[in-house]
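Participant: Could you have a look at this structure, given as structure tokens, before my questions?
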């Protein structure tokens, strides 16, 4: 299930079965605009060199199926952290490998 903003862009997905209390919590979070695509984009705009913010948004874009924007964000994160040595980048890469091994996301 995707929630769409007023501009027609997907803001946040909720996938699979979610317990009612957790679903209600997600609905409230999305309605408040917290940790949605737009919120993550605002945070990144405020701190463009924040690798963690960029990678969180990148993962959100993957969940939303927005591959062109995801690729752009990953390339920008790589330009900021050229050697991939930051903790956020290493976590992102480790998660990408794990997800690739277990089939969650494309590698």
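Participant: Specify which labelled value, from (1) 12, 31, 27, 20, 9, 1; (2) 14, 42, 35, 9, 0; (3) 14, 51, 33, 3, agrees with P(r) over Cα pairs in 10 Å bins from 0, in percent derived from the coordinates of the model shown.
Facilitator: The calculated read-out lines up with (2).
Participant: Given springs between every Cα pair under 10 Å in a Gaussian network model of the chain, which of 36, 58, 72 has the largest fluctuation?
Facilitator: 72
Participant: Just want the ordering: 78, 28, 54, from fewest to most Cβ atoms lying within 10 Å of their own Cβ.
Facilitator: Result, fewest neighbours first: 28, 78, 54.
Participant: Taking neighbour Cβ counts within 10 Å as the exposure measure, how do 7, 67 sort from fewest upward?
Facilitator: With the sparsest Cβ surroundings first, the list reads 7, 67.
Participant: Sort 93, 60, 11, 41 so the one with the fewest other Cβ atoms within 10 Å of its own Cβ comes first.
Facilitator: Going from sparsest to densest Cβ surroundings: 93, 41, 11, 60.
Participant: When the chain is modelled as a GNM with alpha-carbon springs shorter than 10 Å, which of 25, 71, 16 fluctuates the most?
Facilitator: 16
Only the coordinates and a few stated rules stand behind these numbers; no lab work does. Everything numeric here is computed off the predicted structure, so don't read it as measured data. Glycine also receives a Cβ, built like all others from the backbone with ideal geometry; neighbour counts cover every protein chain displayed.
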